[in-house]
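The values are calculated or read from the model by the stated rules, or taken from the named source; none is laboratory data. Computed from a predicted structure; not experimentally measured. So basically every Cβ, Gly included, is an ideal-geometry build from the backbone, and we count neighbours across all protein chains shown. Only protein heavy atoms, including side chains, enter the accessible area calculation; ligands, DNA and RNA are left aside. Shrake-Rupley method; radii C 1.70, N 1.55, O 1.52, S 1.80 Å.
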Amino acid sequence: MHISHHPSDASGFAWQPVWVDYWIPGKKGYTSGASGTTDSFGDVWVTFRLLAPPTGAELDTLSSVRGNGSHTYPVHKWVTIGC
């Protein structure tokens, strides 16, 4: 998963912690997926492996990145599992 920001905002997100959790319908709650730190441009790639995901189910991800201030910015995305 690639998390990125508009280039004009990059300095506000450089070297900040990021975490991504995921949820698959039918499972109970979110599972801790991956964490990392943004680079000098405020970008990060995080990877996690799903064991035996149900094909066609929806994968929901909830990611958060902290800005240089005290704010945390969450992003919720979802996609159909196609493996």
Rounded to the nearest 20 debye, dipole of the chain from Cβ charges on Lys, Arg, Asp, Glu: 260
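Note the direction-averaged projected area, equal to a quarter of the hull surface, for the Cα convex hull of the chain, in nm².
5.6
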Remind me, relative contact order of the chain in percent, using alpha carbon pairs under 8 angstrom and six or more residues apart? 32
Give me the net charge of G33's neighbourhood, meaning all other residues with Cβ under 13 Å from the Cβ of G33; Lys, Arg count +1, Asp, Glu -1. +1
With all protein chains present and a 1.4 Å probe, how do F13, F48, F41 order by accessible area, largest first? F41, F48, F13
Can you give the FRET efficiency to the nearest 0.05 for D60 and S8, using r as the Cβ-Cβ distance and R₀ = 30 Å? 0.55
